[in-house]
There are 2 protein chains.
Amino acid sequence: MAGIRAQQKEKTRRALIQAALNQLCPESSFSSLSLREVSREAGIAPTSFYRHFQNMDELGLTLVDEGGLALRQLLRQSRQRIAKGGSIIEISVHTFMDYVTHNKNIFRLMLQEQAGTTKDFRLAIAREIDHFKQELTDYLKAERNIPAELARAQSDAIVRVVFSAGADSLDLQAEDRARLTAQTILQVRMVARGANSMLPPNLSEPNVS
Amino acid sequence: MAGIRAQQKEKTRRALIQAALNQLCPESSFSSLSLREVSREAGIAPTSFYRHFQNMDELGLTLVDEGGLALRQLLRQSRQRIAKGGSIIEISVHTFMDYVTHNKNIFRLMLQEQAGTTKDFRLAIAREIDHFKQELTDYLKAERNIPAELARAQSDAIVRVVFSAGADSLDLQAEDRARLTAQTILQVRMVARGANSMLPPNLSEPNVS
DNA sequence: AAATTCAGCGTACACTTGTTAGCTGAAATG
DNA sequence: CATTTCAGCTAACAAGTGTACGCTGAATTT
């Protein structure tokens, strides 16, 4: 029942995924990868590629799904750390930046295909970002008693700032990245404070940071 | 002195630029355009392309420069409208959104190549965004008496939010775009208020909107 | 043990691509 | 008017692409 065959198939499937990931660097985007190159790096014939994916897009969507999942898991873990005390803003931003730093290729892929050419990609990535946004909105409503519409606008703004900063961080060295992270935290606090100041006064809380 | 020859050359140069612009749609990115396709649409032989640009990248950089220039001019005009009274935030965001709506292809190009594969592109686009950011920073320092570092962080956040919203607006119909624009204005006000609340109290002004 | 499945292979085809080399004829220059 | 310049052309090339077809042999099923 181990399935020697299925096992081997899964192995070369991973090889394809890994090959694609390896070829994603600042100098070549996913959409510029060719089926043949990826197959070559994975060590199989070009035609065998089709045993695993219908085309390159399907491979790409797999990468997006896996990358998004990993990010969501990380943020879930970080929320547990918050329960034990600590600033939600600070920890979340750091978690996000760490993810970007250690998954540059996947994050770059997401950035590129977010504005890219294939509708399925754009939708898949929009969905990932929406998850992020939705969880933040829920948090703001539940833990901070912020009314729905304001919470939506606030988390939308925060996600925009953080993702955009993540994009810029790709090209930075550790030191500059730390500076950028610090600035991002400050900016998220701006948004939070600004949003708070728009609450009906009886709802507002003393401090958000 | 009219220069019949130079005149004709300029004309086909514009034809090339226009051809490239025409082929930029949601379904095909600039980096996927081929020199041959563009030349074909412009009505010249592929080899004649080289009489005008060294390669496609050079054409692309021209597009970025022209697009960025147009945007900056628009914003300069809108700042004059502000001098006559009106909310700087509201007018600027509307101006920006209008630009995006009427120059979708160029804006899409900028989004794509911002995270793209060619360093020159990334730098050129970063420079355009920096202009935007710098002018906003100067405004905040001069007109609002906000200290340098805070002004930088604030305008950085605002630019991130606005550009990101502009990206999302590309796919929307007029009605949804209006909603997004309204939300963006709200978000920019959040940032402005939040930043204001971080001022040393003797500097703070009563109202930013 | 026989029959079936199927991941991976080699061959082949029709395209598209960027770029070189050299020609042409009208515009510009003297 | 003679000469030079040069935008645009045709032809040709080597290189790369996605994909259809049919074969093989080991793993699986019957």
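Applying the condition of being farther than 22 Å from residue B:128 by Cα and not in a helix (DSSP H, G or I) to region B:163-197 and asking which residue is nearest to the other protein chains (Cβ to nearest Cβ) yields B:197.
The test for being hydroxyl-bearing (Ser, Thr, Tyr), without any contact (Cβ under 8 Å) to a residue 60 or more places away in the chain and either closer than 28 Å to residue A:28 by Cα or in the same structural domain as residue B:104 (by TED's automatic domain parsing) (or both) does not hold for residue B:31. Of B:176, B:171, all but one fail to be of a type in the set (Asp, Glu), closer than 30 Å to residue B:18 by Cβ and either modelled with pLDDT under 95 or not assigned by TED's automatic domain parsing to the domain that holds residue B:65 (or both); the exception is B:171.
Test residue B:3 against the criterion of being modelled with pLDDT under 95, near DNA strand C (Cβ under 10 Å from one of its atoms) and farther than 26 Å from residue B:114 by Cα, and give yes or no.
On the way: modelled with pLDDT under 95: yes; near DNA strand C (Cβ under 10 Å from one of its atoms): yes; farther than 26 Å from residue B:114 by Cα: yes.
Spelling it out, residue B:3 is indeed modelled with pLDDT under 95, near DNA strand C (Cβ under 10 Å from one of its atoms) and farther than 26 Å from residue B:114 by Cα.
Find the residue count for region B:139-162, including only residues that are of a type in the set (D, E, K, R) and at the interface with chain A (Cβ under 10 Å from one of its Cβ atoms).
4
Looking only at residues of region A:112-138 that are in contact (Cβ under 8 Å) with a residue 60 or more places away in the chain and over 17 Å from residue B:27 (Cβ atoms), we find that the one that is farthest from the other protein chains (Cβ to nearest Cβ) is A:135.
If you take just the helices (runs of 4 or more DSSP H) that sit entirely in region A:1-111, which of them hold at least 1 residues that are on the phi < 0 side of the Ramachandran plot, within 14 Å of chain B (Cβ to nearest Cβ) and within 11 Å of DNA strand D (Cβ to nearest atom)? Outline the logic, then answer.
Values: elements: A:4-23, A:35-42, A:56-83, A:88-102.
By residue number, A:4-23, A:56-83.
The values are calculated or read from the model by the stated rules, or taken from the named source; none is laboratory data. Keep in mind that this is a model prediction, so the values were computed, not measured. Methodologically, a virtual Cβ is constructed for each residue, glycine included, from the backbone with ideal geometry; neighbour enumeration extends over all protein chains shown.
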